[in-house]
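This report concerns only the one structure given below.
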Amino acid sequence: MTARRRTPAATVGLAAVVLAGTLYAGGAPVAGAPPLGQLLDPVSGVWALARSATPPRAADAAIPHLGAPVDVRFDDRGVPHVFANSVADASRAMGYIHARDRLFQMELQARAVAGTLSELVGDRALALDRQARAQGLADAARRGFEALPPTSTARVIAAAYADGVNAYLHGMRRADVPFEFRLLGARPQRWEPVYSAYLFARMGLTLAYSDGELRRAATEALVGAAATDALFPRDNPIQEPIQPNGQHAPRFDWRVIPPPSPAVDSARAHVALAEIEARARLIGALGGAIDLGPAGSAFRSDEPLALPPVRSHDDAAVGSNNWVVSPRRTAGGKALLAGDPHLSLTLPSVWYEAHLVVPDTLDVYGVTFIGTPLPPIGFNRDLAWTVTNTGADVADYFVETVDDAAHPTRYRLDGEWKPLRSRVEVIHGRGARVLATDTIYETHRGPMLRSGGAWVSRRWTVTDGYDATAPFLGAARAESAMGLMQAMAAFFAPAQNFAVADRGGHIAIRSTARFPVRSPTAPRGDVLIDGASSANDWRGWLPLADYPQAFDPPQGFLVSANQQPKDPRVDPRYFGWNWPSPWRAMRLDAVLRADSAVTPDKMRRMQVDPVSAQTALFMPFLVRAAREGAHRDSTLARVAATLEAWDGTYRGDNEQAVLYEAALDELASRTWDELRPAGSGREARISTPESVILLELMQDPDNAWWDDRSSPGVRERRDDIIRASLAAAWRSVTGRLGPPGPAWRWGASRHALVRHLLGIAPLSRANVPVTGGPGSVSPSFGDGNHGASWRMVVELGDQVRAWGTYPGGQSGNPASPRYADNLGKWSAGTLDSLRFPRRPDDLLPASTSSRLAFRAAP
């Protein structure tokens, strides 16, 4: 007999007191929040967290419309294995389980899309709500959802899922109300089926939102069109595409970058920068944690939210990876798959593990989003699949002509005035107070926004309204790699790279979405388009056969790491622009090309590989410039000696990487000074070119971009700027960390910050050690709130074996032992074996933590 797991009441109770005291240190809660004494109430305050921290060994519950009993076994990692007689009943069970374990997360993300956060957290969320309404995600998701037939897969499953969520809400005791609701003095709202559609819309915002055309227009005002085209090109100068091009190494297509033209409207660019960054901060907050700031002062409802800073895009520091290997290149003769999608790191995590079994219909294990029951990433008895973001251009901006710049009612199209569709959005705060009333205008293309004094509309596939549920159900049921690709053919947005391997030894990858076919009169999606002519509108969708894809390639493996999906020499059509640097793809391809005996453990170790393909390409320039200046500058001599001692890896114990990264930051800042509008700060660039463009510029030592505009009368060359950057980096690092030594260790300077969904410090996990650095397979950067949200390796043999973990835990209860129990293994780069029982009794008592039985409500 297995002893029941218990959380020591004294320990959790003390933690509850300390937590409540810390959160109320400032003594100013949100308007309407309970006083401290109420939070410490022994019946319904934070003390109740201890009682609900660990589920009972056995429990039962009733759910309306349940067709037959459902048996749920939770394993020793807290993962539910749901055994049901229908997909709808499995969805009802998942709705109940998600609500039990992640209720506050469910509500927060639904409100983020709907633009009703102010009703929950107070007036300080007003700017977020106004931005959410302006984006039109909830409006588009609702219209798309309601346009589906009531019997469609999406609506049936969403309704069943809502049955489960609301069954939990109906039976929830006061002691079960999540801590965050108590802190805010709020009660959970009823879950509507359409909120599942909101979830997919939010992922579209996270993965497919782009303001690149707006930034590009401001950039052209500073440096001219020719230079802008070269700095933010349609095609990457290093080609290592997702769809193999027949080459056995990356191809370098270096081009000469034209010099910057004199700024024609720096003042306009300065205004545009402020608008763009303000909007980007709000979008970033809507897609991640809603930071209420430090404890105490965080809960003053009259202060603005602490929005995340807008980071100049650093392609080397973000990204997702997946790769598949055919049996002929594995040690065990079985196909292998690995995936690690990178997203914002939060507690609780964006993911929730689950295993769903419906006899003769479904047997799938994976990670689910809170708000929908089916896994978008996972495996079944025949195959495994995972995804990365494609980054394709699926949104265009059109400059519209309106009849009234302040209060438009019509827009000009083909020589005629057309009525604008208007939507009045009333935003309420706590207590139903009206905080703002906004009018959102839309053309036939989509919502309009103000940018640089002009009205601009956006055509975006994410707001077209679509059904993502049916493709994911098809993937879960697929029996072969080809079958999965057929199921996912209907996937609409955001564009994703689906990689799959099956037990038959087949591997495949495809960049999947609706890719727009643009008009011959407006073929470029990277520039603002004249909205006065319908001839500039999209013409349709690219045929499936023309998507970037590969099936069982001769090379025996496939890799996607957000790089350009197709070599333009193979297919010159437009898929996007300003692609991320291919450092991760280059490293993964190099490792797989050199190894014909890949094992699951090698796949795991590749996920935290400390090598970046970037360093070997930049280092020769840096070391040579330092050596050439060392005879007249002792600082450069020390820099050269330090860099030459580096093995080029981002292992935690190395003491050189911190200098290299500081030098590259300085180099980018000094090189791209022309991208700063007059009067802006040193790092306030309209846009920052990808690091591969900086490497391209390194090939041209006399290019005008090397000239420092702050030193008139002096013409700097490449090595002058490199040496100045190296010396400045040395001063910065030694000033911050002291002389070279243990304080310079990479592991001491780079950590993950896994933030609570409200940004509450005591509920977050800071200074989590990580392996990797910019450009490595597991990239990291200073603030550390973005990284591998789920790591998985699957071996497809006679018996499917899988390993995985994510940076968090199954429970959203801060007092639960499942709140962040996976974080240590994630930090160390290790994976858990994933239990995959066929029947309830296959999960042995020693591996079972609890059981939940569902019956139909009377």
#### Entry: Test set (1) over 26 Å from the mean Cα position of the chain (by Cα); (2) open to solvent by 20 Å² or more (accessible area, probe 1.4 Å) - Val177 fails condition number
(2)
### Task
Return a yes/no flag: does region 705-719 have any residue that is at positive phi, modelled with pLDDT under 95 and open to solvent by 30 Å² or more (accessible area, probe 1.4 Å).
yes
### Query
Residues Asp841, Asp821, Asp832: which one is surrounded by fewer than 24 Cβ atoms within 10 Å (Cβ to Cβ) and closer than 23 Å to Gly333 by Cα?
Asp832
### Query
Restricting attention to region 223-233, does a residue exist that is over 14 Å from Trp577 (Cβ atoms), out of contact with any His (no Cβ under 7 Å at 6 or more places or on another chain) and not hydrophobic (A, V, I, L, M, F, W, C)?
yes
### Task
Mind checking which strands (runs of 3 or more DSSP E) fall wholly inside region 442-545 and carry at least 2 residues that are touching a Gly at 6+ places or on another chain (Cβ under 9 Å)?
454-460, 496-502
### Task
Output the residues belonging to region 562-586 that are closer than 18 Å to Val325 by Cβ and surrounded by fewer than 24 Cβ atoms within 10 Å (Cβ to Cβ).
Met586
### Task
From Arg124, Arg130, Arg92, grab the single residue that is farther than 18 Å from Leu763 by Cβ and surrounded by fewer than 23 Cβ atoms within 10 Å (Cβ to Cβ).
Arg130
### Message
Can you tell me which residue is least open to solvent (accessible area, probe 1.4 Å) among those in region 607-644 that are among the small types (Gly, Ala, Ser) and under 30 Å from Ser320 (Cα atoms)?
### Response
Ser612
#### Entry: Pairs, first under 16 Å from Ala501 (Cβ atoms) in region 471-486, second open to solvent by 10 Å² or more (accessible area, probe 1.4 Å) and in a helix (DSSP H, G or I), C-beta under 7 Å, six or more apart
Ala475/Ala487; Ala478/Ala487
### Query
Checking Arg216 against (1) basic (Lys, Arg); (2) open to solvent by 20 Å² or more (accessible area, probe 1.4 Å); (3) assigned to a helix (DSSP H, G or I), which single condition isn't satisfied?
(2)
### Residues that are open to solvent by 70 Å² or more (accessible area, probe 1.4 Å), assigned to a loop (DSSP other than H, G, I, E, B) and either at positive phi or of a type outside the set (Val, Ile, Thr) (or both), drawn from region 387-427
His407, Asp414
## Note on the structure
Across (1) crowded, with 21+ Cβ neighbours inside 10 Å; (2) farther than 25 Å from Asp609 by Cβ; (3) in contact with a Lys or Arg (Cβ under 9 Å, 6 or more places away or on another chain), Ala335 clears everything bar (2)
### Message
Looking only at region 428-442, how many residues end up being β-branched (Val, Ile, Thr), open to solvent by 30 Å² or more (accessible area, probe 1.4 Å) and touching a residue at least 12 places away in the same chain (Cβ under 8 Å)?
### Response
2
### Query
Of all residues in region 219-245 being at pLDDT below 95 and surrounded by fewer than 24 Cβ atoms within 10 Å (Cβ to Cβ), which is farthest from Pro565 (Cα to Cα)?
Ala221
#### Entry: Only listed residue being open to solvent by less than 20 Å² (accessible area, probe 1.4 Å) and of a type in the set (S, T, N, Q), chosen from Ser749, Ser780
Ser780
### Query
Any idea which of Val559, Val598 is more than 30 Å from Glu661 (Cβ to Cβ) and in contact with a helix residue (DSSP H, G or I) (Cβ under 9 Å, 6 or more places away or on another chain)?
Val598
### Task
Give me a count of the residues in region 443-491 that are among the charged types (D, E, K, R), surrounded by fewer than 18 Cβ atoms within 10 Å (Cβ to Cβ) and modelled with pLDDT under 95.
2
### Task
Go over the candidates Leu592, Leu544 one by one and state the one that is crowded, with 19+ Cβ neighbours inside 10 Å and hydrophobic (A, V, I, L, M, F, W, C).
Leu592
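The values are calculated or read from the model by the stated rules, or taken from the named source; none is laboratory data. Everything numeric here is computed off the predicted structure, so don't read it as measured data. Here the Cβ is made from the backbone with ideal geometry for all residues, glycine too, and neighbour counts use every protein chain on show. All accessible areas refer to the heavy atoms of the entire protein, side chains included, with ligands and DNA or RNA removed. Shrake-Rupley method; radii C 1.70, N 1.55, O 1.52, S 1.80 Å.
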